[in-house]
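Each remark here refers to the structure printed beneath this line.
The values are calculated or read from the model by the stated rules, or taken from the named source; none is laboratory data. Quantities reported herein were computed from a predicted structural model and do not represent experimental measurements. When we count neighbours, we look across all protein chains shown, and the Cβ atoms used for this are built from the backbone with ideal geometry, even at glycine.
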Amino acid sequence: MIGSSLTKTAGRPLPSRFITFKKSEIEQSLSDRFEQQLNLYPDQSAIQLPDKRISYRNLNSVANRIARALLQARGERLEPIALLFENSDSMLAAVLAVLKCGKIYVPLDPSLPQTRIQFILRHSQAELILTNHLNLVLARELAEGRIPSINIEELDSDLSGENVGLRISPDSFAYIIYTSGSAGQPKGVTETHRNLLHNIMTNTNNLHISSEDRVSLLRSIGAAGAARDALSALLNGATLCPFPIKEKGLGALARWLNDEGVTIFTSVITVFRHLVATLTGEEQFAKLRLIYAGGEQVTKTDVELYKKHFRDDCLFVNRLGISETGTVAYYFINKETRVTESTVPVGYAAEDAEILLLDENGKEAAPDSIGEIAVRSKYLSPGYWRNPELTEAVFLPDPKAGDKRIYRTGDLGRKLSDGCLVHLGWKDFQVNIRGHRIEVTEVETALLGHPNVKEVAVVGREHWSGETRLVAALVPREKKGFSADDLQGFLKNRLPDYMIPSAFMLLNALPLGPNGKINRRALPTPDWLPLQRSANYVAARTELEELIIAIWKETLGLDVVGVHDNFFDLGGHSLLLGQVVSKVQTAFKLNLPLNALLEQPTVSNLAQIIEGSLRNESEFVKPIASVSRPPSLPLSFAQERLWFLDQLEPDTAAYNVPTATLIEGQLDVDAMEKALNEVAKRHEALRTTFTVTDGTPAQVILPEVRLTLPVVNLSHLSETESEAETHRLITEYAQRPFDLSEAPLLRALLLKLSHNKHVFLTIHHLIADAWSIGILFDELSIFYDMYSAGKSSELPELPVQYADFAVWQRQWLQGKALESQISYWKQQLGDNLSVVELPTDHPRPVRQTFRGARRVIVLPEFLTAAIKDLSRRESVTLFMTLLAAFKTLLYRYSGQEAIVVGSPIAGRNRAEVENLIGLFVNTLVLRTDFSGNPSFRELLRRVRTVCLGAYAHQDLPFEKLVEELQPERDLSHNPLFQVMFVLQSTPVSVINFTGLTARRLEVDSGTAKFDLTVSLAEQGNELVGCFEYSTDLFDSSMI
């Protein structure tokens, strides 16, 4: 089933227009061959772009006009000409123009770091730059006044589009293409017209390329392999179909292949893998006959994916292609081919190429042994531009004499009994990353330019995804302040993205071998997490961010991702980003532009883009800014509602928020009290009281508040007595009401259980939320350490305070912004939100008393894992799955088809308020339709749709929603909903006082705000939580 030719492999008929490429036809120029195709197929599409079609006639005419402008400027002398274009029809026309003039083209990729482009420009000695409007400014910057440029979009209108008619020798150089070099800089690989035509001949005859074919182009033709693929299409009358993968992303690739009727998909294997990951199984690929892969090792899994997703008459072709040799081996696979080993062979030698395996002494290796792959041929590259020493080192004369030479590839391989070659990896200091052959010494040289890098070793290591990735082991001059962000930023200005390591390791010294050289095999295994990434870690603040983070974790293979982590700094690359975009588009049912993510590839930014798309809102939302401080300031909407409830029930403690922490160790009580006051000094919310001005509630910020930390000594009691008294005091303190006009609205208490054990209790009302508790303890520990050790520790000043947010919220939430939010919620909730009729033990009282109790629940590890697995499979968050299950329970008990549940949301979807203590939490009203007896999978889809819509419209405060919907007021229950569901996703602060250990304690305040609240949180591998219920309605046995 395997052979060196297509007919031998497939037994399928040749394309009707296929014409064998004869050996005699390589004795001409590339431009001659192109003009022959022009004569055969003048009106055939040469290039098919998403928005335009260019025929062979049009392409030739444009190329001729550029060639004439070039000849006017430089004459007919042989010289390098730089081409500065994106991967477009302009680039291809410019390539043909340079070839028609008998000159040498040097491609410059404008997306590369400018320092790298400048090196190529200087080293190639290019005499002129061809470019277009888009890249003209860059061209002039690169030229530095030394090199003239021609803008091909501003050519003289009198220039003729007829062929220039120059005779070009087949021995003339056609291009200089720069690849990664071992001396710390790129090296220029040269090629002649004859050699390129020979390689195109072998491609044509092996792949049966004809004018019927439509050939994909995904890579820049600044890469030698992509240039050969493009020319193989254009020199056979085929249609070349460029796909802007960086702009469109992988999510659009499968559809594009179908829509464009691509027949030959040329791709490095990494792109193929990412493409397959986006497939649904419904794609047809009716016209696709060849998947032409390579660039990296192809595995048995890759072949299995090909067999699973593509038609029986489509073939998979592995190959061995090198910039210096062209494609020298092919391996054809069909659906019946059996692959027994993990690595797929690269195949059999192409025409006029002989593959050798050499031992350490440069002699042919013994049969069945591993050796360095070498290629013997008369059609090898002439060598490296302006680098005779390197050329002499790797291009060897043939010991058998004659006109052939031998190129040593630096790759390892072995031959099967029938002569088929198996590629075993790269020798010495070469690594292949996403189809790019990289000399790691070039990466090392760049890193050594960093002022804090003393020593470095770069290696290629297999990532969990199966990809090979670069890892840099560093010995720093100083470890302090050394971060991955710093290294990534340093390299981005010097190296292409595929040459930037995915992981960095800090070592005290590099391991050495007996000869004193670096022993790269002894380097430790990387953990694939960026250096010091956790320093700026911020957890998901919303369910939307949680869902995005789940996609990032799966794609990147990470356990932890923060909302501000840069995708590329986490080891991602453009192909993986395309995979993320595809998954996000599937999960959220929207089109997402890849470009929108490239400049700021963070979870936070992606969440904002999705929110805007979901609510079809493109208006600019101005940032939160600091405002003046008059004697009184408006309340936020959330504060206003709690203030109003306090006026109705002035002596209730239902909305008190108690937090208890067990602290073990030698506690410095004085330092703790000072730290508490330092936090209050920093956050205005802790110095705020509430009053009424002209009939309107207002907040008053005091310049100073003195917080005391009273100590209750329980150390004289027995353990049982101490535990009972602790519980009594916590409950008593938690149920003590606040007077909102009196500061402070934060109380603290310290219970001394023994000389080294204390319970630290804080209770607040109206000024903070659960997220704020994490901030409180983070800062409390910093200031405690400062005072207890007599050190100074200053935190950066907060740019805004809570009052600034309250003013911003009221200014922004009006007009169109308010109308858009209200319109969504009115449509979503309808006119009649009925109470969820659960069976109760007691009739509902006329007036809600807020008396309540709790019942603890634990979902064991196996069940938690199964729920998470279901969530991943259905592309929903853990919250969505648990909410669907809870609503199903309510549906079964109530029999109502519309189940309405409230759920809190952090309300911190703006960067300015992340580190602010204040009351930002909002409540979402989530209505789910159970009509039609949906399956649980269908219910999950409904819940996801409801949740995503709610997240996109979360800025409407619950208080404003109640005001707009105007439900009938009933003091017996809350408006809009009576059942609450909570999955705690607020960041759990690590309570870290120096010399102390601390952990949170559960506090039961004996209250219930709603009929029923189910609250869960992840603890280890389990879900732990409680049912909080109104004792006016339910007995414990009912719960």
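Under 8 Å between Cβ atoms, at least 6 apart or on separate chains: pull out the pairs that start in segment 74-102 with a residue that is more than 20 Å from Glu247 (Cβ to Cβ) and end on any residue that is in a helix (DSSP H, G or I) and of a type in the set (Ser, Thr, Tyr).
These pairs meet every condition: Pro80/Ser124; Ala82/Ser124; Leu96/Ser31; Leu99/Ser31; Lys100/Ser31.
In segment 916-938, which residue that is in contact with an Asp or Glu (Cβ under 7 Å, 6 or more places away or on another chain) and without any contact (Cβ under 8 Å) to a residue 60 or more places away in the chain is nearest to Leu745 (Cα to Cα)? Full working, then the answer.
First, the residues of segment 916-938 that are in contact with an Asp or Glu (Cβ under 7 Å, 6 or more places away or on another chain): 919-921, 929-931, 937.
Now restrict to residues that are without any contact (Cβ under 8 Å) to a residue 60 or more places away in the chain: 929-931.
Numbers: Asp929: 41, Phe930: 43, Ser931: 46 Å.
Per the criteria, the residue is Asp929.
Return the residue satisfying two criteria in turn: it lies in segment 122-168 and is assigned to a helix (DSSP H, G or I) and touching a Pro at 6+ places or on another chain (Cβ under 7 Å), and of such residues it is nearest to Gln185 (Cα to Cα). It would help to see each step written out before you state the result.
Taking segment 122-168 and keeping what is assigned to a helix (DSSP H, G or I), we get 122-124, 133-143, 152-154.
After this cut, where a residue has to be touching a Pro at 6+ places or on another chain (Cβ under 7 Å) as well, the list is 124, 135, 138.
Numbers: Ser124: 13, Asn135: 24, Leu138: 21 Å.
Per the stated criteria, the residue is Ser124.
Counting only residues that are modelled with pLDDT under 95 and assigned to a loop (DSSP other than H, G, I, E, B), how many does segment 669-701 have?
The total comes to 2.
Identify the single condition in (1) at pLDDT below 85; (2) within 28 Å of Lys187 (Cα to Cα) that Glu478 does not satisfy, given that it satisfies every other one.
(2)
If you take the residues in segment 233-269 that are in contact with a strand residue (DSSP E or B) (Cβ under 7 Å, 6 or more places away or on another chain) and without any contact (Cβ under 8 Å) to a residue 40 or more places away in the chain, which one is farthest from Asp213 (Cα to Cα)?
The residue in question is Phe243.
Are there any pairs, at least 6 apart or on different chains, whose C-beta atoms fall under 6 Å, with the first in segment 390-404 and more than 18 Å from Ser180 (Cα to Cα) and the second part of a helix (DSSP H, G or I), and if so, which?
none
Does Val712 fit the bill of being among the aliphatic types (A, V, I, L, M), at pLDDT below 95 and surrounded by fewer than 20 Cβ atoms within 10 Å (Cβ to Cβ)? Steps first, answer last, please.
Details: among the aliphatic types (A, V, I, L, M): yes; at pLDDT below 95: no; surrounded by fewer than 20 Cβ atoms within 10 Å (Cβ to Cβ): yes.
So Val712 fails the test.
Could you list all residues from segment 82-121 that are closer than 23 Å to Gln185 by Cβ and of a type in the set (D, E, K, R)?
Asp109, Arg116
Please determine, by comparing only the residues of segment 261-274 that are at pLDDT 90 or above and crowded, with 17+ Cβ neighbours inside 10 Å, which one is farthest from the chain's Cα centre (by Cα).
At the first step, the residues of segment 261-274 found to be at pLDDT 90 or above are 261-267, 272.
Pick out the ones that are also crowded, with 17+ Cβ neighbours inside 10 Å and you get 262-267, 272.
Details: Val262: 28, Thr263: 31, Ile264: 29, Phe265: 26, Thr266: 25, Ser267: 22, Phe272: 18 Å.
My answer is Thr263.
Listed here are the residues, each with its yes/no results for (1) part of a helix (DSSP H, G or I); (2) crowded, with 18+ Cβ neighbours inside 10 Å; (3) modelled with pLDDT of 90 or more; (4) on the phi > 0 side of the Ramachandran plot.
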| site | (1), (2), (3), (4) |
| --- | --- |
| Glu963 | yes, no, no, no |
| Phe977 | no, yes, yes, no |
| Thr1013 | no, yes, yes, no |
| Cys1026 | no, yes, yes, no |
| Asp1035 | no, no, yes, no |
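Only one of (1) over 36 Å from the mean Cα position of the chain (by Cα); (2) outside any helix (DSSP H, G or I); (3) touching a residue at least 40 places away in the same chain (Cβ under 8 Å) fails for Pro799. Which number is that?
(1)
With respect to the numbered conditions (1) within 34 Å of the chain's Cα centre (by Cα); (2) outside the structural domain of Ser718 (by TED's automatic domain parsing), which one is the sole condition not fulfilled by Asn832?
(1)
What's the number of the condition Ala401 fails, among (1) closer than 27 Å to Ile269 by Cβ; (2) surrounded by fewer than 20 Cβ atoms within 10 Å (Cβ to Cβ)?
Among (1) closer than 27 Å to Ile269 by Cβ; (2) surrounded by fewer than 20 Cβ atoms within 10 Å (Cβ to Cβ), the lone unmet condition for Ala401 is (1).
Answer with yes or no whether Asp89 is in the same structural domain as Ser172 (by TED's automatic domain parsing) and out of contact with any strand residue (DSSP E or B) (no Cβ under 6 Å at 6 or more places or on another chain).
Values: in the same structural domain as Ser172 (by TED's automatic domain parsing): yes; out of contact with any strand residue (DSSP E or B) (no Cβ under 6 Å at 6 or more places or on another chain): no.
For Asp89, the condition - in the same structural domain as Ser172 (by TED's automatic domain parsing) and out of contact with any strand residue (DSSP E or B) (no Cβ under 6 Å at 6 or more places or on another chain) - is not met.
Just give me the residues in segment 635-665 being under 40 Å from the mean Cα position of the chain (by Cα) and over 28 Å from Phe760 (Cα atoms), in sequence order.
Listed by number, the residues that qualify are Leu635, Ser636, Phe637, Glu640, Arg641.
List the number of the failed condition for Gln1019; all other conditions in (1) in contact (Cβ under 8 Å) with a residue 24 or more places away in the chain; (2) in the same structural domain as Thr881 (by TED's automatic domain parsing) hold.
(1)
Going by what's in this entry, would Thr340 be described as more than 22 Å from Arg434 (Cβ to Cβ) and at pLDDT below 90?
Details: more than 22 Å from Arg434 (Cβ to Cβ): yes; at pLDDT below 90: yes.
When the stated conditions are applied, Thr340 passes them.
Check segment 49-64 and report whether any residue there is touching a strand residue (DSSP E or B) at 6+ places or on another chain (Cβ under 7 Å), part of a loop (DSSP other than H, G, I, E, B) and surrounded by 14 or more Cβ atoms within 10 Å (Cβ to Cβ). Reasoning before the result, please.
Going through segment 49-64, the residues touching a strand residue (DSSP E or B) at 6+ places or on another chain (Cβ under 7 Å) turn out to be 49, 53-56, 59.
Within this subset, residues satisfying the condition of being part of a loop (DSSP other than H, G, I, E, B) are 49.
Next, only the ones that are surrounded by 14 or more Cβ atoms within 10 Å (Cβ to Cβ) stay: 49.
The answer is yes, given that some residue of segment 49-64 is touching a strand residue (DSSP E or B) at 6+ places or on another chain (Cβ under 7 Å), part of a loop (DSSP other than H, G, I, E, B) and surrounded by 14 or more Cβ atoms within 10 Å (Cβ to Cβ).
Pairs under 7 Å by beta carbon, first residue free of Cβ contacts under 8 Å to residues at least 12 places away in the same chain in segment 185-196, partner surrounded by fewer than 20 Cβ atoms within 10 Å (Cβ to Cβ) and among the basic types (Lys, Arg), six or more apart or different chains?
Within 7 Å, no pair qualifies.
How do the pairs read when you match residues in segment 994-1016 that are under 21 Å from Ile730 (Cα atoms) with residues anywhere that are aromatic (Phe, Trp, Tyr) and not in a loop (DSSP other than H, G, I, E, B), using Cβ under 7 Å and keeping only pairs 6 or more apart or on different chains?
What qualifies is Ala1008/Tyr1029.
Filter the helices (runs of 4 or more DSSP H) completely within segment 203-270 down to those with at least 1 residues that are among the β-branched types (Val, Ile, Thr). Reasoning before the result, please.
Numbers: elements: 224-234, 245-248, 253-260.
Of the helices (runs of 4 or more DSSP H) lying wholly inside segment 203-270, those with at least 1 residues that are among the β-branched types (Val, Ile, Thr) span 245-248.
What residue, among those in segment 16-41 that are among the aliphatic types (A, V, I, L, M) and touching a helix residue (DSSP H, G or I) at 6+ places or on another chain (Cβ under 6 Å), is nearest to Leu207 (Cα to Cα)?
First, pick out the residues of segment 16-41 that are among the aliphatic types (A, V, I, L, M): 19, 26, 30, 38, 40.
Filter again for touching a helix residue (DSSP H, G or I) at 6+ places or on another chain (Cβ under 6 Å), leaving 26, 30, 38.
On the way: Ile26: 18, Leu30: 19, Leu38: 21 Å.
Looking at the filtered set, the residue picked out is Ile26.
Those residues that are surrounded by fewer than 17 Cβ atoms within 10 Å (Cβ to Cβ), at negative phi and either within 38 Å of the chain's Cα centre (by Cα) or not acidic (Asp, Glu) (or both), I need them from segment 406-439; list them, please. It would help to see each step written out before you state the result.
At the first step, the residues of segment 406-439 found to be surrounded by fewer than 17 Cβ atoms within 10 Å (Cβ to Cβ) are 416-419, 424-425, 427-428.
Okay, now just the ones that are also at negative phi, so 416-418, 424, 427.
Scanning segment 406-439 gives Leu416, Ser417, Leu424, Lys427.
Going by the conditions given, is Ala366 of a type in the set (A, V, I, L, M) and not in a strand (DSSP E or B)?
On the way: of a type in the set (A, V, I, L, M): yes; not in a strand (DSSP E or B): yes.
Here the answer is yes, as Ala366 does meet what is asked.
Determine which member of the set Gly321, Gly281, Gly347 is under 29 Å from the mean Cα position of the chain (by Cα) and either of a type outside the set (Asp, Glu) or farther than 30 Å from Ala587 by Cβ (or both). Let's see the steps before the verdict.
Details: Gly321 fails: under 29 Å from the mean Cα position of the chain (by Cα); Gly347 fails: under 29 Å from the mean Cα position of the chain (by Cα).
Only one candidate passes the filter, namely Gly281.
Identify the single condition in (1) over 28 Å from Asn974 (Cα atoms); (2) hydrophobic (A, V, I, L, M, F, W, C); (3) surrounded by fewer than 20 Cβ atoms within 10 Å (Cβ to Cβ) that Leu667 does not satisfy, given that it satisfies every other one.
(3)
Considering only segment 760-776, I want to know if a residue exists there that is under 30 Å from Phe637 (Cα atoms), touching a His at 6+ places or on another chain (Cβ under 7 Å) and touching a residue at least 12 places away in the same chain (Cβ under 8 Å).
First, pick out the residues of segment 760-776 that are under 30 Å from Phe637 (Cα atoms): 761-776.
Next, only the ones that are touching a His at 6+ places or on another chain (Cβ under 7 Å) stay: none.
Within segment 760-776, none of the residues are under 30 Å from Phe637 (Cα atoms), touching a His at 6+ places or on another chain (Cβ under 7 Å) and touching a residue at least 12 places away in the same chain (Cβ under 8 Å).
Every residue in segment 322-338 that is assigned to a strand (DSSP E or B) and surrounded by fewer than 23 Cβ atoms within 10 Å (Cβ to Cβ), please. First the steps, then the outcome.
As a first pass, look at segment 322-338 and keep what is assigned to a strand (DSSP E or B): 322, 326-333.
Matches in segment 322-338: Ile322 only.
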